[in-house]
């Protein structure tokens with residue numbers, strides 16, 4: 001988000017969802033995630049004709065699922081969906097009394113917005129437009145749709 005706010009083309013990439021990670025499966029899933037991101041970048045490069053890969057003020061968030069017993073499964077498709085504007089994680093800070101702070105992170109106690117990047121179709125990669133302020137417009141959604149149309153994992 002900070003890169004997009006500063007005018008830098010940016011793509012955030014995640015492997016796996018919000019469930020507790022299984023390290024070996026996540027590591028195996030990074031290969032199909034990488035393959036998808038390379039395909040996305042190739043698509044963006046081809047459409048940029050030597051210019052910016054992404055329009056000013058628009059970034060992309062890519063969430064790739066972990067599939068298969070070992071995590072190396074291929075996603076069934078890619079969906080362009082809105083990003084949930086509410087944070088999935090919460091943080092708390094406790095002063096230790098010695099000039100340091102203890103930070104704890106937990107899951108937000110709220111349901112994800114239906115149809116958002118937090119709740120994606122089973123086995124699909126989600127691609128979401130991101131903009132400063134977490135409020136992509138329908139125009140941003142359309143620009144992101146044009147950039148990612150026909151992408152297959």
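The values are calculated or read from the model by the stated rules, or taken from the named source; none is laboratory data. Being a predicted model, the structure only gives us computed values, none of them experimental. For neighbour counting, all protein chains shown are included, and Cβ atoms are generated from backbone atoms with ideal geometry for every residue, glycine included.
Quick notes on this structure:
- Out of 92, 75, 69, sole residue that is modelled with pLDDT of 85 or more, in a loop (DSSP other than H, G, I, E, B) and over 16 Å from the mean Cα position of the chain (by Cα): 69
- Within the stretch 95-132, tally of residues that are at pLDDT 75 or above and either within 20 Å of residue 12 (Cα to Cα) or assigned to a strand (DSSP E or B) (or both): 17
- Only residues that are free of Cβ contacts under 8 Å to residues at least 60 places away in the same chain and closer than 26 Å to residue 6 by Cβ were counted in the stretch 28-75, giving 15.
- Scan of the stretch 57-66 for residues that are touching a helix residue (DSSP H, G or I) at 6+ places or on another chain (Cβ under 7 Å) and outside any loop (DSSP other than H, G, I, E, B), ordered by number: 59, 60, 62, 64
- Scan the stretch 1-11 for residues that are modelled with pLDDT of 85 or more and surrounded by fewer than 13 Cβ atoms within 10 Å (Cβ to Cβ) and the total you get is 3.
Residue-wise test of (1) assigned to a helix (DSSP H, G or I); (2) surrounded by fewer than 12 Cβ atoms within 10 Å (Cβ to Cβ); (3) modelled with pLDDT of 90 or more.
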position: 13; (1), (2), (3): no, no, yes
position: 19; (1), (2), (3): no, yes, no
position: 24; (1), (2), (3): yes, yes, no
position: 28; (1), (2), (3): yes, no, no
position: 34; (1), (2), (3): yes, no, yes
position: 39; (1), (2), (3): yes, no, yes
position: 42; (1), (2), (3): yes, yes, yes
position: 55; (1), (2), (3): no, no, no
